[in-house]
Amino acid sequence: VSLENVEIDLTPKEYDLIVLLANHPGRAFSREFLLQQLWGYDYDGFDRTVDTHITRLRKKLGALGEKIVTVWGVGYRFVV
């Protein structure tokens, strides 16, 4: 992924997250939905895995990371 001609090194899950969120701007996704879509239905980990990946993704994206917002009680969405 590149942002303003600067390459950003993302993990596969970070990439999947930004693609899903950016392809549906304004739509809020629950942690459970994100886990099912990106990690699979048989994932036995914690829903906070999503939080960790979102935090890392925001940091890597710099100012653009602020476009990934937390929807209290729901999950996350990408705002334009």
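Things to note:
- This model, with +1 at the C-beta of Lys and Arg and -1 at the C-beta of Asp and Glu, gives the stretch 11-80 a dipole about its Cα centre of some 360 debye.
- Carbon plus sulfur fraction of accessible area for the chain, probe 1.4 Å, in percent: 51 percent
- Table column - 3J(HN,Hα) (Hz), the stretch 11-18, Karplus curve with 6.51, -1.76, 1.60, x for Gly and Pro: 6, x, 5, 4, 4, 4, 4, 5
- Shape box of the chain [Cα atoms, principal axes, largest first, Å]: 37, 23, 19
- Counting only protein heavy atoms and a 1.4 Å probe, the stretch 1-79 has 66 square angstrom of accessible area per residue.
- Tilt relative to the chain, helix 48-61 - C-alpha long axis, 0 to 90 degrees, to 10: 0 degrees
The values are calculated or read from the model by the stated rules, or taken from the named source; none is laboratory data. Since this is a predicted model, take the numbers as computed values, not measurements. Heads up, the Cβs are rebuilt from the backbone with ideal geometry, glycines too, and the neighbour counts pull from every protein chain shown. Only protein heavy atoms, including side chains, enter the accessible area calculation; ligands, DNA and RNA are left aside. Shrake-Rupley method; radii C 1.70, N 1.55, O 1.52, S 1.80 Å.
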